[in-house]
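Worksheet: the structure to be examined is printed underneath.
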């Protein structure tokens, strides 16, 4: 497992749209379907990554709390399931139920959506304001497996709390870090 950091998409860009299947409901969903009245969080995650396993319980808890406050959430898995079958849509359903996801878990089979977000790793978080402009991208917090820092979600929470108070989100943001997205050979941005 190679540690990879997010590429830090430029702040202010409009949320890239998508039309992806939610593995639990089977419905195709767009950014409009998942957006919240106050803000929207898009997370790139997957089933097998130990960095995602590490933050999953807190992420699920935060989503439930902030969804009640008008913030929309969606998670996207873009990994190559041919070479990483544990990230298949069928396994995604199992993870979503086990973790109690209260948000859509979307499958990006073509990896086009991951490319449009310049996603590089799992977990990686993007927060868009009510105008669907990027105001935060990066990590949930400083915790990583084995570093003995408690998973609190402080960075993500700080961005969401600022938006809920009608304040600007600090531009002092740290990249997300974890497993690299498992690109299909023809989609790998490093080729």
Looking only at 130, 144, 165, which one moves most when the chain is put into a Gaussian network model with springs between Cα atoms under 10 Å? 165
Could you tell me what percent of the DSSP beta bridges with both partners in the range 34-132 are antiparallel, to the nearest 5? 40
Cα radius of gyration and Dmax for the range 83-189 (Å): 15.4, 44
Could you give the nm distance between label points at residue 171 and residue 158, where each point is 7 Å from its Cα heading toward the beta carbon? 1.6
Which values of log₁₀ I(q)/I(0), to two decimal places, follow from the Debye formula for the chain at q = 0.10, 0.19 Å⁻¹ with a uniform point scatterer at every Cα? -0.34, -1.43
Using alpha carbons only, how many angstrom separate the centre of the range 79-108 from the centre of the range 5-32? 15
For the residue 38, residue 82 Cβ pair and Förster radius 41 Å, calculated FRET efficiency rounded to 0.05 is 0.60
Along the Cα→Cβ direction, 7 angstrom out, place labels at residue 27 and residue 90. What is the inter-label distance in nm? 2.5
If R0 = 22 Å, then residue 116 and residue 149, at their Cβ-Cβ distance, give a FRET efficiency to the nearest 0.05 of 0.10
Report for the chain the percent antiparallel among DSSP-assigned beta bridges with both residues inside it, nearest 5. 70
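Quick note: the coordinates plus some simple rules give every number you see, no bench work behind them. Everything numeric here is computed off the predicted structure, so don't read it as measured data. Backbone-built Cβ (ideal geometry, glycine too); neighbour counts: all protein chains shown.
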